[in-house]
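J.: Here it is: the structure, laid out below.
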Amino acid sequence: MIVVENLHRHFGGFRAVDGASLRIETGSITGLIGPNGAGKTTLFNVIAGVLKPTSGKVTMAGEEITGLPPHELFHKGLLRTFQIAHEFSSMTVRENLMMVPGAQRGETLWETWFNRRQIEADERALLAKADEVLEFLTISHLRDEKAGNLSGGQKKLLELGRTMMVDAKIVFLDEVGAGVNRTLLNTIGDAILRLNKERGYTFVVIEHDMDFIGKICDPVICMAEGKVLAEGTLAEIKANEQVIEAYLGT
Ligand code: ADP
């Protein structure tokens, strides 16, 4: 689905991504691992349009998407999850889902005036969709909770839920497990597996928890110093000497 060719992203003279090439297969849950500073987040941000590449090429389903802004990628179904922004923390979980751009239809003042019934029908459909997402993620009981009151893991589930309000094809998840307890991490892992199997989502996941990676990811790609070092199953990656050296070197 995604092909990255010789991608570079430099900050001044520093090469955070230094000629990375990789492929993300349609329907996979690909894990992206590597020591701190390997360039994983920078690579994510370049693919997802948050950062412009210094050079290199990214294609999605054969179409070049290098350097496209996030909202254009969003319409193509490429999403990167983001932490719930401060201004959304005083809104409820359900409202947060309903605010996802692209989930609403574009309304003009004209339409609002003349087409009230249609808008009310759309609003009901949006509510129903939000409730379906909450049920899928087993967080219906948090529906009316303010997003700011959620635990770290619950926030991650909400971030995942936001991708379900639109027709996502590929979702980039950055450190899903950071600060999340084991039970919720399992819930998140199950949700990812189900979205992959039942809805055909492709995922790319940056995560440090190897148990989590081992449970849901195949293949696993290891980066170090801005480059792709190795790709394979987690067992193959763990046995790779270059990978071991890269981790020991940090
Ligand atoms: P990882 O996600 O693998 O830990 P990052 O992509 O976050 O790695 O960072 C790779 C390197 O690039 C790090 O050394 C980091 O300090 C550097 N870096 C990341 N973003 C910037 C930036 N905006 N300006 C300067 N250096 C940056």
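J.: If the reach is capped at under 14 angstrom between alpha carbons, list the aspartates and glutamates near K215, excluding any in the same chain fewer than eight residues apart.
T.: D190, E207
J.: Using helices alone, what [θ] at 222 nm do you get for the chain, with -39,500 (n - 2.57) per DSSP H run of 4 or more residues, divided over all residues and rounded to the nearest 500?
T.: Values: 10 runs with 99 residues, N = 250.
Mean residue ellipticity at 222 nm (helix-derived): -11500 deg cm²/dmol.
J.: Compute the Cα gyration tensor for region 9-84, then decide on rounded, prolate or oblate, letting a ≥ b ≥ c be the square roots of its eigenvalues: rounded whenever a/c is under 1.5, prolate when a/b is larger than b/c in the other cases, and oblate in all that remain.
T.: Cα axes put region 9-84 in the rounded bin.
J.: Starting from the Cα-Cα distance between N149 and D190, subtract it from 0.36 nm times their residue separation and give me the gain in nm to one decimal.
T.: Here the answer is 12.4 nm.
J.: Could you tell me the relative contact order of the chain? Use alpha-carbon pairs under 8 Å, at least six residues apart, and round to a whole percent.
T.: Taking the mean separation of contacting Cα pairs over the length of the chain, I get 28 percent.
J.: Let me ask another. Say the dipole of region 154-250 comes from +1 at the beta carbon of Lys and Arg and -1 at that of Asp and Glu; which of I237, V166, L193 then lies farthest toward its positive end?
T.: Final value for the positive-end residue is V166.
J.: Moving on. What are the GluC sites (Glu not before Pro) within region 16-73 that DSSP puts in a loop, where the Cβ has at most 13 other Cβ atoms within 10 Å?
T.: When the GluC sites (Glu not before Pro) of region 16-73 are filtered for loop state and at most 13 Cβ neighbours within 10 Å, E25 remain.
J.: Which residues among region 25-53 fall inside the zone where the amide N is under 17 Å from a point 7 Å beyond the Cα of E5, along Cα→Cβ?
T.: Answer for this model: 25, 47, 53.
J.: Restricting to the chain, compute how many DSSP beta bridges are antiparallel as a %, nearest 5.
T.: 60
J.: So what is the relative contact order of region 108-250, in percent, for Cα pairs below 8 Å that sit 6 or more residues apart?
T.: Value for region 108-250: 15 percent.
J.: Turning to a different aspect of this structure: State, to one decimal in nm, how far the label point of F82 lies from the label point of S140, with both points 7 Å from Cα in the Cβ direction.
T.: Computed distance between label sites F82 and S140 equals 3.1 nm.
J.: Of T54, V133, G67, which is farthest towards the positive pole of region 20-167's charge dipole, taken about the Cα centre with +1 and -1 on the beta-carbons of Lys, Arg and Asp, Glu respectively?
T.: T54
J.: Holding the Cα-Cα limit at 18 Å, pick out from K40/K227; K76/K169; K169/K197; K57/K227; K52/K156 the pairs that are longer than that. Could you put the intermediate results ahead of the total?
T.: Details: K40/K227 9 Å; K76/K169 8 Å; K169/K197 12 Å; K57/K227 15 Å; K52/K156 26 Å.
Exceeds cut-off: K52/K156.
J.: When the distances between all Cα atoms of the chain are binned every 10 Å from zero, what whole-number percent does each bin get?
T.: Histogramming the chain at 10 Å steps yields 7, 29, 34, 21, 7, 2, 0 percent.
J.: For the chain, with only Lys/Arg (+1) and Asp/Glu (-1) charged at the beta-carbon, what is the dipole magnitude about the Cα centre, in debye rounded to 20?
T.: Details: 27 positive and 33 negative charges, 46 e Å.
The dipole of the chain has a size of about 220 debye.
J.: To continue, here is another question. For region 118-250, count the residues as N, evaluate 2.2 N^0.38 Å, and divide the Cα radius of gyration by that value, please.
T.: Dividing the Cα Rg of region 118-250 by 2.2 N^0.38 Å gives 1.25.
The numbers here are math on the coordinates, done by the rules we state, and not lab data. None of the values given here were measured: they were computed from a predicted structure. Counting neighbours? That spans all protein chains shown, and the Cβs are built from the backbone with ideal geometry, glycine included.
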